[in-house]
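> Just passing along the structure, written as structure tokens.
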Amino acid sequence: MSQTYGLTPEEIQELSKRAAAAKDVSYSPYSNFRVGCALLCEDGSWVIGANIENASYPVTICAERTALVKAITEGKKRFRAIGLSVDVSPPASPCGMCRQFIREFSDGSVPIFMYGKEVGECVVRTLGELLPMSFGPDDLPDRGARSQILSGSLLVNDNIAGLCHTCVLEGLG
Ligand code: THU
């Protein structure tokens, strides 16, 4: 992998392992489409989540939002990497709603590692690549109040569009 996004090889390996393992707790009896998510938090800790479906289909919660909600309620609001694992090939990418949800707590530089069913299959994109010119907390008029609400968890001057760069598409090897 030419770009490691500031992660160590051990962290990258752990990210893929934890995202894959998170699929085991997926509750997806309607779609049978298991999704696992692992977050590497800024403090070095890990949080996992999986998709949780509902008989009333739209009530379903995606794996990414399950993981993020768990993390936020544990006081972890900044992330170094997000891993997503599915049982299909090529790997799926976060839905639009999840991209926006991630944006609330991450700037455009956070890498999202998407793992498919083949061994070592991985596509990596930054949030800025998946959600260019995004709308975030700092776009609201009262930035000061927003920053306070988020306890300084966001960089006010993040330039999401400026963070976009050449995409990386390769196996973990
Ligand atoms: N799903 C996720 O967990 N994350 C996404 O980003 C896309 C979709 C889940 C929702 C549903 O349980 C299943 O995948 C099929 O849509």
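> Would you please put 92-99, 17-24, 134-141, 63-70 in order of how densely packed they are, using the mean number of other Cβ atoms within 10 angstrom per residue and starting with the highest?
Details: 92-99: 16.6, 17-24: 19.0, 134-141: 13.8, 63-70: 22.5.
Most protected by this proxy first, the peptides run 63-70, 17-24, 92-99, 134-141.
> Just to check I understand the Karplus step: with θ = phi - 60° and J = 6.51 cos²θ - 1.76 cosθ + 1.60, what whole-Hz values come out for the stretch 38-51, glycine and proline as x?
So the Karplus estimates, Gly and Pro as x, are 10, 10, 9, 7, 4, 7, x, 7, 10, 9, 10, x, 9, 6 Hz.
> Which one, ALA19, GLY44, PRO29, projects farthest toward the positive side of the charge dipole computed for the stretch 10-76 from Cβ point charges (K/R +1, D/E -1)?
PRO29
> Continuing with this model, one more query. Could you let me know the centre-to-centre spacing of the stretch 1-44 and the stretch 98-130, using Cα atoms, in angstrom?
Answer, in whole Å: 10.
> Cross-chain or 8 or more residues apart, Cα under 21 Å: how many lysine pairs in the stretch 9-130 fit that? Count them up, please.
Numbers: LYS17/LYS70; LYS17/LYS76; LYS17/LYS117; LYS23/LYS70; LYS23/LYS117.
For the stretch 9-130, the number of qualifying lysine pairs is 5.
> Around PHE79, which amide H atoms from residues at least 5 apart in sequence, or from another chain, sit under 5 Å from its own amide H, with H modelled in the peptide plane?
Under 5 Å from the amide H of PHE79 lie the amide H atoms of GLU42, each far enough along the sequence or on another chain.
> Leaving ligands, DNA and RNA out of it, rank GLU104, GLU10 by accessible area with a 1.4 Å probe, largest first. Each step should come with its number before you reach the end.
Working: GLU104 50, GLU10 125 Å².
Accessible-area ranking of GLU104, GLU10, largest first: GLU10, GLU104.
> For the stretch 9-130, I need the span (max minus min coordinate) of the C-alpha atoms along each principal axis, in Å, sorted largest to smallest.
So the extents along the principal axes, rounded to whole Å, are 36, 32, 25.
The values are calculated or read from the model by the stated rules, or taken from the named source; none is laboratory data. Keep in mind that this is a model prediction, so the values were computed, not measured. Don't worry about glycine lacking a Cβ; one is built from the backbone with ideal geometry, like all the others, and counts go over all protein chains shown. Accessible surface is based on the protein model in full, side chains and every heavy atom, while ligands, DNA and RNA are left aside. Shrake-Rupley method; radii C 1.70, N 1.55, O 1.52, S 1.80 Å.
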